[in-house]
Amino acid sequence: MPALQRDDDLICHFSIVSLDEPVIQYEALSYVWGTRMHNNRVFVQGEPIAVTENLYLALQNLRFTDKERILWVDALSINQSNDKERTHQVSLMSSIYKRAWNVVIWLGETFNDCDLAMDYLKQLGGDKNLHLNPSLSPSIRVAGESVDSVQIQNALKEFFSLPWWTRVWTVQEWVLGRQTVFQCGQQFLDGQIVRKSVRHFFHHRHQCCFKLDDLNEDSLFNCFLVMESMEYIRLLLNKVSFPYIISQFLARQATDMRDKVYGMLGLATGQYENLIEAEYSYSVEEVFEASTMKMIQRTGTLEVLSHIPTFLQRTLNLPSFVPDWTATVGDDPRYTNWLNWLGHLHLYDACRGEAADIKVIAPGRIAVKGIIVDEIESTGSEPFTVSYEALLQEMHDLADMDGDTEQIYCDTSVTRKVAFWLTICGSTENFLDPDRDNRPFFRRIPTPTDFSRFEKWEGWFPSHSVTLVDPDILSVHTPFSVMVKGRKFAVTKCGYMGFCPIQCKKGDVITVLAGGTVPFVLRPDESARKSGLEGGYTVIGDSYVHSIMDGEAVASGGEIGTHWKYLELS
């Protein structure tokens, strides 16, 4: 209800509507609950209702002075103490935010220099021709200050670090909203302008305003990356998988850890749509395991097994084939490269298109169809726990690169020299796509005949003696960084080389599993052999193993499928 004075009581009433009605004029509120309760209560249907301080402030700032405002607010519209109602209403969340004519994003009360941050974003989003770099013309200036102003930088950092940007539920509320507006106190910013500001930032950053040698000094990069990750999902919503969406926002916080899955269900499309129902009577472990099984059964792939962040500490008691989405990412530098790896799993086809075939033996135990390729014989150090020079020498030693490098690698037609260099970069290269604002992407590279790029990288890597600006070096080093974060160099008994999870050790087996585009490392566990299948195994993680990334292990026995066996995982 309207109010003339800010401190007037907050008075609301309910309207019951059907989402099947053709036109429902309402706005949906997107905000962070917070834990602190406000001293005053909201009156709903004449009854006083306790709400958090953040919601109270939101409603106080959102109400009009002269007319009613129709809002959908989860804390008031859903009886949060009734699990049955909560389960039912959560299943409608995507429809609620899609149907709203506007989604109001409440960021909280204003902060110092909030106006500077918003004005900068308005300029950046309003004109693609405005440069970030103040030495170029025309460039962005707010109150006479450019982007290299500490005041401007701090204002933007604070804007993009407000709690709204850290929560799980706010992702789908942003992505699904057809029209959005950000509000800080009584200051407003059109969501479309924010979208454009992110696009324009990365356009200028990659094309003209920031050269590669500015990478470490670019303090705004991570700010805009927070928004860019949501925009990436919004633009490619029908092309990215549901497990990728969960992993993309693994760092987001949730009061109820089941919401790590439930809070993303509205973004599940294609084969993942209506994957599971948000059921709050289940434990976190039950939700994660049920979600994993549904993902495999629905898609016929084992992509979700690649979403087990092996470099993070697991805290839940889960089977090894189920990701622990409660794992804390924090500022782990391996996280971004892990996401890059997940983003180009489609470049490989280790199982040669063979669909996943799983049998549920018991809760926490499944059998998957797979091929045991080889056994790990030796491994190197976890990268960057030793010097760059020592790391490169260790990889050389394991691959026997000081021997006859023209010798044929395993059962292939390439030499060990070729195999080693392709392993270093995962058979991929980094390139700038002119169709996407010259943003960096990965693609497979053919068998090399010119080793100049690799040799240039090898000369640079031991000392990192010069700033990384050479595109030849970058084309090798960027995919190498993706390979090594969370993995270490390994060699098998038969001489295969690759990068395997940092937890891997001698005796672990390299497998190709039906439904897996990349190989998986499993650890034999004879104590887990309970069903008479091919032993018992725990999943250590996925890997890059050169010359079995494109179905070679499947085809090597002649007719496809002759090597498949059921392997028990627990």
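Take residue 68 and tell me if it is farther than 22 Å from residue 252 by Cβ and either buried (at least 17 other Cβ atoms within 10 Å of the Cβ) or acidic (Asp, Glu) (or both).
So residue 68 passes the test.
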Any chance residue 121 is outside the structural domain of residue 204 (by TED's automatic domain parsing), modelled with pLDDT of 95 or more and touching a Leu at 6+ places or on another chain (Cβ under 7 Å): no
Suppose we keep only residues that are part of a loop (DSSP other than H, G, I, E, B) and at pLDDT 75 or above within the stretch 201-217. Which one would you say is surrounded by the fewest Cβ atoms within 10 Å (Cβ to Cβ)? 208
Restricted to the stretch 285-322 and to residues being modelled with pLDDT of 95 or more and aromatic (Phe, Trp, Tyr), the residue farthest from residue 522 (Cα to Cα) is 288
I'd like to check something: does the stretch 21-39 contain any residue that is surrounded by fewer than 12 Cβ atoms within 10 Å (Cβ to Cβ), outside the structural domain of residue 190 (by TED's automatic domain parsing) and of a type in the set (Lys, Arg)? yes
When the stretch 536-556 is checked residue by residue, the ones that are crowded, with 24+ Cβ neighbours inside 10 Å, closer than 19 Å to residue 424 by Cα and of a type in the set (Ser, Thr, Tyr) are 543, 544
Looking at the stretch 70-104 only, could you name the residues that are within 29 Å of the chain's Cα centre (by Cα), among the aliphatic types (A, V, I, L, M) and part of a helix (DSSP H, G or I)? 75, 90, 93, 96
Per the list (1) within 27 Å of residue 185 (Cα to Cα); (2) touching a residue at least 60 places away in the same chain (Cβ under 8 Å); (3) surrounded by fewer than 16 Cβ atoms within 10 Å (Cβ to Cβ); (4) not β-branched (Val, Ile, Thr), residue check on residue 80 breaks on (2)
List pairs: first residue in the stretch 1-14 and farther than 9 Å from residue 63 by Cβ, second residue loosely packed, with under 12 Cβ neighbours inside 10 Å anywhere in the structure, Cβ distance under 6 angstrom, at least six positions apart or on different chains. 4/65; 13/45
When you check residue 96 against the structure, is it among the hydrophobic types (A, V, I, L, M, F, W, C), under 15 Å from residue 30 (Cβ atoms), at pLDDT below 95 and crowded, with 19+ Cβ neighbours inside 10 Å, yes or no? yes
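Results for (1) within 20 Å of residue 96 (Cα to Cα); (2) outside any helix (DSSP H, G or I); (3) modelled with pLDDT of 95 or more, shown as yes or no for each residue.
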site	(1), (2), (3)
4	no, yes, no
20	yes, yes, no
24	yes, yes, no
34	no, yes, no
61	no, no, yes
Within the stretch 411-432, considering residues that are modelled with pLDDT under 90 and in contact with a Lys or Arg (Cβ under 9 Å, 6 or more places away or on another chain), the one surrounded by the fewest Cβ atoms within 10 Å (Cβ to Cβ): 432
Picked from the stretch 108-133 (must be in contact with a strand residue (DSSP E or B) (Cβ under 9 Å, 6 or more places away or on another chain) and over 19 Å from residue 184 (Cβ atoms)), the residue surrounded by the most Cβ atoms within 10 Å (Cβ to Cβ) is 132
Those residues of the stretch 542-555 which are in contact with a strand residue (DSSP E or B) (Cβ under 8 Å, 6 or more places away or on another chain) and either under 21 Å from residue 398 (Cα atoms) or aromatic (Phe, Trp, Tyr) (or both) amount to 542, 543, 544, 545, 546, 548
Among the residues of the stretch 157-179, is there at least one that is more than 26 Å from the chain's Cα centre (by Cα), hydrophobic (A, V, I, L, M, F, W, C) and buried (at least 19 other Cβ atoms within 10 Å of the Cβ)? no
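Taking the stretch 293-321, which residues are among the polar types (S, T, N, Q) and part of a loop (DSSP other than H, G, I, E, B)?
Narrowing the stretch 293-321 to residues among the polar types (S, T, N, Q): 297, 299, 301, 306, 310, 313, 315, 317, 320.
301, 310, 313, 315, 317, 320, listed by residue number.
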Can you name every residue in the stretch 36-77 that is touching a residue at least 24 places away in the same chain (Cβ under 8 Å) and β-branched (Val, Ile, Thr)? 42, 44, 49, 51, 65, 70, 73
Quick check: is even one residue across the stretch 484-506 in a helix (DSSP H, G or I), under 24 Å from residue 388 (Cβ atoms) and out of contact with any strand residue (DSSP E or B) (no Cβ under 7 Å at 6 or more places or on another chain)? no
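In the list 248, 271, which residue meets the criterion of being over 26 Å from residue 370 (Cβ atoms) and outside the structural domain of residue 120 (by TED's automatic domain parsing)?
The match here is 248.
Rundown of residues vs (1) β-branched (Val, Ile, Thr); (2) closer than 20 Å to residue 292 by Cβ; (3) surrounded by 19 or more Cβ atoms within 10 Å (Cβ to Cβ); (4) at pLDDT below 90, yes/no style:
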residue: 221; (1), (2), (3), (4): no, no, no, yes
residue: 225; (1), (2), (3), (4): no, no, no, yes
residue: 239; (1), (2), (3), (4): no, no, no, no
residue: 242; (1), (2), (3), (4): no, yes, yes, no
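The values are calculated or read from the model by the stated rules, or taken from the named source; none is laboratory data. Keep in mind that this is a model prediction, so the values were computed, not measured. So basically every Cβ, Gly included, is an ideal-geometry build from the backbone, and we count neighbours across all protein chains shown.
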